[in-house]
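Have a look at the structure below, then the notes.
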């Protein structure tokens, strides 16, 4: 396991050590002791989630507020996505900035998204199966979101905006400017 820093403080890429031969491949997708030693993170994951989506689906930008904030460790089991983290931590040097990375079943990268970040992804393959570990349980009353096609954040989801498939909740999510004013 190797840690690669991103421009956003505390948000890191995990590059797995993949062992391949004529039978296929093997890698350790998570080892708490190694993860904590490499990242310095002092949390504990309590919930795993999985989703499957089709090409041009955009999920996010989602987050949990207050005591229900969640750190996430995300990866793709099948397919390819553009994964995006947005720093929403007031006072952070990178507040309002985002980072994106392609996660796929080919590269087997993972992204650690700390508490205080918004998170989303777009599906770049015909389908994608997405896994994420969370360090806090989901609480509906604490959910928050920012419209993924927000002009201020200007995220290039690598799909045509007119073809983006959004949930009703994401379509009705506030702009980044409205988020800042609430």
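The values are calculated or read from the model by the stated rules, or taken from the named source; none is laboratory data. Since we're looking at a predicted model, the values are computed, not measured. Neighbour counts are summed over all protein chains in view; Cβ atoms, including those assigned to glycine, are modelled from backbone coordinates with ideal geometry.
Any residue at all in segment 13-24 that's surrounded by 15 or more Cβ atoms within 10 Å (Cβ to Cβ), in contact with a strand residue (DSSP E or B) (Cβ under 9 Å, 6 or more places away or on another chain) and either closer than 17 Å to residue 140 by Cα or modelled with pLDDT under 95 (or both)? Looking through segment 13-24, at least one residue is surrounded by 15 or more Cβ atoms within 10 Å (Cβ to Cβ), in contact with a strand residue (DSSP E or B) (Cβ under 9 Å, 6 or more places away or on another chain) and either closer than 17 Å to residue 140 by Cα or modelled with pLDDT under 95 (or both).
Having 1 or more residues that are within 23 Å of residue 32 (Cβ to Cβ) is the bar; report the strands (runs of 3 or more DSSP E) wholly within segment 91-145 that clear it.
Numbers: elements: 98-104, 110-113, 117-123, 127-134, 143-145.
By residue number, 98-104, 110-113, 117-123, 127-134.
Regarding segment 78-89, can at least one residue be identified that is more than 16 Å from residue 131 (Cβ to Cβ) and surrounded by fewer than 19 Cβ atoms within 10 Å (Cβ to Cβ)? Yes, some residue in segment 78-89 is more than 16 Å from residue 131 (Cβ to Cβ) and surrounded by fewer than 19 Cβ atoms within 10 Å (Cβ to Cβ).
With respect to residue 151, determine if the residue is within 22 Å of residue 46 (Cβ to Cβ) and out of contact with any strand residue (DSSP E or B) (no Cβ under 6 Å at 6 or more places or on another chain).
Working: within 22 Å of residue 46 (Cβ to Cβ): no; out of contact with any strand residue (DSSP E or B) (no Cβ under 6 Å at 6 or more places or on another chain): yes.
For residue 151, the condition - within 22 Å of residue 46 (Cβ to Cβ) and out of contact with any strand residue (DSSP E or B) (no Cβ under 6 Å at 6 or more places or on another chain) - is not met.
Could you grab me the full set of residues in segment 1-30 that are assigned to a loop (DSSP other than H, G, I, E, B) and either without any contact (Cβ under 8 Å) to a residue 12 or more places away in the chain or under 18 Å from the mean Cα position of the chain (by Cα) (or both)? Correct list: 6, 7, 8, 9, 10, 11, 16, 22, 23, 29, 30.
If you go through segment 101-139 and keep only what is in contact with a strand residue (DSSP E or B) (Cβ under 6 Å, 6 or more places away or on another chain) and more than 24 Å from residue 149 (Cα to Cα), you end up with 105, 109, 133, 134, 137. Filtering 111, 124, 166 for residues that are in contact (Cβ under 8 Å) with a residue 12 or more places away in the chain, surrounded by 14 or more Cβ atoms within 10 Å (Cβ to Cβ) and over 28 Å from residue 25 (Cα atoms) leaves a single hit, 166.
When residues in segment 31-51 are screened for being part of a loop (DSSP other than H, G, I, E, B), touching a strand residue (DSSP E or B) at 6+ places or on another chain (Cβ under 9 Å) and either more than 21 Å from residue 129 (Cα to Cα) or modelled with pLDDT under 95 (or both), 1 of them pass.
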